[in-house]
Amino acid sequence: MAIASFKRLIILLIAACMCQLSHSAEDEQNSTIIGPSNADLQEGANQLLAGNAKEGVRLTLLGLNLTANRSDKVTALSNLCAGYILLEQFETALEYCNRAIDVNDRHWRAYNNRALAYLKLKRFEEAKRDVIKGQEINERSRTLKTVRGMVLDETDPVAEHIVIDERRRTAPANEGD
């Protein structure tokens, strides 16, 4: 998979997590909330979406220190995992994915992100396990299906069996007369 496609996939995951940030505080409190509950987390997610991984990670780390609820925390950790994947710091990404899963072992995006980090580290069996676990949680996820395809491309690539015969066939002289 091309680097640009890989980065687009990570950005889609962050976009999905961003939606959770804007609603999670309202879910946990009975008060009126105007704007995001954690501006650093929201802006960090925006920066990651824009492809500014370094700034996105910086802001998300700041926001993580101010998280007030479990949902924001797991979303921030999952976004940090994705951000470090964008920065190609795969071992660090794994640390944040593991922390997200420790907070909520039903967060399919963390399994998806961790599978991507494992894939980049060529730890294919672990990537497969995380894709399976993620699909058990959310069987309809397109991103998990995409990552599953990426893992299969690495572990069981489809061999090309198409042969193009470019030889010219010449018709006999009296054919077509």
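Just so you know, all these numbers are worked out from the coordinates, no wet-lab data involved. Values in this document were obtained by computation on a predicted structure and should not be read as measured data. Positions of Cβ are backbone-derived with ideal geometry, glycine not excepted, and every protein chain shown enters the neighbour counts.
Packing-based ranking of 60-66, 109-115, 80-86 yields 109-115, 80-86, 60-66, ordered from highest to lowest mean Cβ neighbour count within 10 Å. Residue ranges 119-125, 130-136, 155-161 sort as 130-136, 119-125, 155-161 when ordered by packing (mean number of other C-beta atoms within 10 Å per residue, highest first).
Placing unit charges on the Cβ atoms only, positive for Lys and Arg and negative for Asp and Glu, gives segment 56-177 a dipole magnitude near 620 debye about its Cα centre. For Leu152 and Glu88, a Förster radius of 30 Å and the Cβ-Cβ distance give a FRET efficiency of 0.85, rounded to the nearest 0.05.
Across every pair of non-identical alpha carbons in segment 56-177, the mean reciprocal distance, once inverted, gives a Kirkwood radius of 16.5 Å.
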